[in-house]
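Okay, handing you the structure first.
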C-alpha cells in the first residue's frame, strides 16, 4: 500500500492536493514501488530556508528537499518538503501554472526517494528525462528544464 500524507502550511499559492497525490503515486508505481509511506509538506520561503540551512548549510530558500528515511521492511519511507512560494515565483517567471511547477517538484522529490540523484551532469540528465516522462504521463504541459 502507498500512504501519502499531505500538509499545506502556506496560504498562497493554493495546492491541488489531489494532483500532488497523483504525481507521487504515478512516480512510485512507475518506479516499481508498491509500498511506501511518504509525507509531503508545502511550505513558505522562511520554513524551507530554515530546513535548507539546517541540513545542507545553505541559507536560501529552495524548491524541494527530500529526506530518505530508509525502508521499514519493504516500505519506502521519506519526507518531501516543497517550497510553495519558490514554485509560485518560478512559475510566474517561466510563464506557466503553479500547479505544474509544484508537480515537477513533487516528481523530483519522489525520484530522489527512489534512488535518483542529480549531483553530476550525467545523473542530472537522467533525472530530467525521468521528470519529463512522468510529466507527460500525467498530461502536464510543463516541460522540465534541461540539466
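Under 18 Å from a point placed 7 Å out from the Cα of residue 137 along the Cα-to-Cβ direction: which residues of the stretch 34-72 have their backbone N that close?
Residues 34-38 fall inside that zone.
Let me ask something else about it. Write down, largest first, the equivalent ellipsoid semi-axes of the stretch 8-50 in whole Å, where each equals the square root of 5 times an eigenvalue of the alpha-carbon gyration tensor.
Equivalent ellipsoid semi-axes, largest first: 24, 12, 7 Å.
Please work out how much length the chain gains when fully extended from residue 93 to residue 72, using 0.36 nm per residue of separation minus the C-alpha to C-alpha distance, in nm with one decimal.
Difference between extended and current length: 3.5 nm.
Using the alpha carbon gyration tensor of the stretch 2-137, what are the three equivalent-ellipsoid semi-axes (square root of 5 times each eigenvalue), largest first, in whole Å?
21, 17, 16
Which of rounded, prolate or oblate describes the stretch 30-98 when judged by the alpha-carbon gyration tensor and an a/c cut-off of 1.5?
oblate
From the Cα gyration tensor of the stretch 53-130, with a ≥ b ≥ c the square roots of its eigenvalues, which class applies: rounded if a/c is under 1.5, or else prolate if a/b is larger than b/c, or else oblate?
Details: a/c = 1.65, a/b = 1.46, b/c = 1.13.
Taking the square roots of the gyration eigenvalues as a ≥ b ≥ c, the stretch 53-130 is prolate.
Considering only the chain, what is the antiparallel percent among its DSSP beta bridges, to the nearest 5?
Antiparallel bridges: around 30 percent, rounded to the nearest 5.
Pop a pseudo-label 7 angstrom from the Cα along the beta-carbon direction at both residue 7 and residue 55 and give the gap in nm to one decimal.
Using points 7 Å along Cα→Cβ, the separation is 1.3 nm.
Let me check against my output: what whole-number percent is the relative contact order of the stretch 2-137, with C-alpha pairs under 8 Å and at least 6 apart?
Relative CO of the stretch 2-137 lands at 25 percent.
Could you work out [θ]222 nm for the chain from helices alone, using -39500 (n - 2.57) per DSSP H run of at least four and dividing by all its residues? Round to the nearest 500 deg cm²/dmol.
Here the helix-only value at 222 nm equals -15500 deg cm²/dmol.
Only the coordinates and a few stated rules stand behind these numbers; no lab work does. All values derive from a computational prediction rather than experimental measurement. Cβ coordinates were reconstructed from backbone atoms using ideal geometry, including for glycine residues, and neighbour counts include every protein chain displayed.
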